[in-house]
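This report concerns only the one structure given below.
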């Protein structure tokens, strides 16, 4: 069964909306793990719009499954990662004006910069995943700079409004996953996945983990975190 990483950024988004202390991402992390999640995902953005440095430090102390830190390939972020030592760093592109990460990292076009970041993290014993489009050239570029994992951006698949578009995106994800696996990289997937569209992707055996946030947190508003996580886990089984 594929693993589930739950992104709890939007717990922090709700907290930051009022500038207080509730809801607490740490409490959410405990509940998510108790519900059966295989890991926690947080994105420490340069603008600190949701997760804060203190959250990350405390999460490192309490998370008992896996802590996946999403971050930009930025020198300041690398320093934080080297201090916190998450179980995995996922490098993502970042734009200040975006509501959420809008696309994959251009590994082929930014190879030297990303290679430097990957090497620094590897030297500290931290495995690295690259959040990329399901594009074969990007997969090959990720392999060349020694990425341990790729996380395939599933946004276009998730947002497809016509079956033909969804089929084409599903095929692209399938072929990208197969190539990444063949090259020896672990394959994760995420972005825009929800209770309606994730099941189809489970037919791609090379994908070992799904990182899902917004849809689980949105569902949790109605049924609670425990039930929301368990429902998603059931879809991955």
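The values are calculated or read from the model by the stated rules, or taken from the named source; none is laboratory data. These figures come from a predicted structure and were not determined experimentally. Heads up, the Cβs are rebuilt from the backbone with ideal geometry, glycines too, and the neighbour counts pull from every protein chain shown.
Which condition number in (1) assigned to a helix (DSSP H, G or I); (2) surrounded by fewer than 22 Cβ atoms within 10 Å (Cβ to Cβ); (3) modelled with pLDDT of 95 or more is the one that residue 184 fails?
Only one criterion in (1) assigned to a helix (DSSP H, G or I); (2) surrounded by fewer than 22 Cβ atoms within 10 Å (Cβ to Cβ); (3) modelled with pLDDT of 95 or more is unmet by residue 184, namely (1).
With respect to the numbered conditions (1) surrounded by fewer than 19 Cβ atoms within 10 Å (Cβ to Cβ); (2) touching a helix residue (DSSP H, G or I) at 6+ places or on another chain (Cβ under 6 Å); (3) in a helix (DSSP H, G or I), which one is the sole condition not fulfilled by residue 65?
Condition (3) is where residue 65 drops out.
When you scan the range 187-210, how many residues do you find that are free of Cβ contacts under 8 Å to residues at least 60 places away in the same chain, surrounded by fewer than 19 Cβ atoms within 10 Å (Cβ to Cβ) and not in a loop (DSSP other than H, G, I, E, B)?
2
Can you name the residue in the range 211-237 that is out of contact with any strand residue (DSSP E or B) (no Cβ under 7 Å at 6 or more places or on another chain) and not in a helix (DSSP H, G or I) and is also surrounded by the most Cβ atoms within 10 Å (Cβ to Cβ) among such residues?
Pass one, the range 211-237, residues out of contact with any strand residue (DSSP E or B) (no Cβ under 7 Å at 6 or more places or on another chain): 214-215, 217-228, 230-231, 234-235, 237.
If we keep only those that are not in a helix (DSSP H, G or I) too, we end up with 224, 237.
On the way: 224: 13, 237: 8.
Here the answer is 224.
Among the candidates 166, 177, which residue alone is buried (at least 22 other Cβ atoms within 10 Å of the Cβ) and part of a helix (DSSP H, G or I)?
Sole residue among the options that is buried (at least 22 other Cβ atoms within 10 Å of the Cβ) and part of a helix (DSSP H, G or I): 177.
Would you check if there is a residue in the range 103-110 being touching a helix residue (DSSP H, G or I) at 6+ places or on another chain (Cβ under 8 Å), modelled with pLDDT of 95 or more, part of a loop (DSSP other than H, G, I, E, B) and closer than 13 Å to residue 29 by Cβ?
No.
One residue is enough: does the range 33-42 have a residue meeting the conditions free of Cβ contacts under 8 Å to residues at least 12 places away in the same chain and more than 24 Å from residue 153 (Cβ to Cβ)?
Checking the range 33-42: not a single residue is free of Cβ contacts under 8 Å to residues at least 12 places away in the same chain and more than 24 Å from residue 153 (Cβ to Cβ).
Looking only at the range 48-62, which residues are assigned to a helix (DSSP H, G or I) and either in contact with a strand residue (DSSP E or B) (Cβ under 8 Å, 6 or more places away or on another chain) or crowded, with 16+ Cβ neighbours inside 10 Å (or both)?
55, 56, 59, 60
The conditions are (1) farther than 20 Å from residue 88 by Cα; (2) at pLDDT 95 or above; (3) outside any helix (DSSP H, G or I), and residue 36 fails exactly one of them. Which is it?
With respect to (1) farther than 20 Å from residue 88 by Cα; (2) at pLDDT 95 or above; (3) outside any helix (DSSP H, G or I), residue 36 is out only on (1).
Against the definition (outside any loop (DSSP other than H, G, I, E, B), surrounded by fewer than 22 Cβ atoms within 10 Å (Cβ to Cβ) and modelled with pLDDT under 95), how does residue 156 come out, yes or no?
no
Consider residue 83 against the criteria (1) surrounded by 17 or more Cβ atoms within 10 Å (Cβ to Cβ); (2) free of Cβ contacts under 8 Å to residues at least 12 places away in the same chain: it satisfies all of them except one. Which criterion is unmet?
Here residue 83 meets the rest and fails (1).
One residue is enough: does the range 100-120 have a residue meeting the conditions closer than 25 Å to residue 216 by Cβ, surrounded by 17 or more Cβ atoms within 10 Å (Cβ to Cβ) and either free of Cβ contacts under 8 Å to residues at least 24 places away in the same chain or touching a strand residue (DSSP E or B) at 6+ places or on another chain (Cβ under 6 Å) (or both)?
Yes, some residue in the range 100-120 is closer than 25 Å to residue 216 by Cβ, surrounded by 17 or more Cβ atoms within 10 Å (Cβ to Cβ) and either free of Cβ contacts under 8 Å to residues at least 24 places away in the same chain or touching a strand residue (DSSP E or B) at 6+ places or on another chain (Cβ under 6 Å) (or both).
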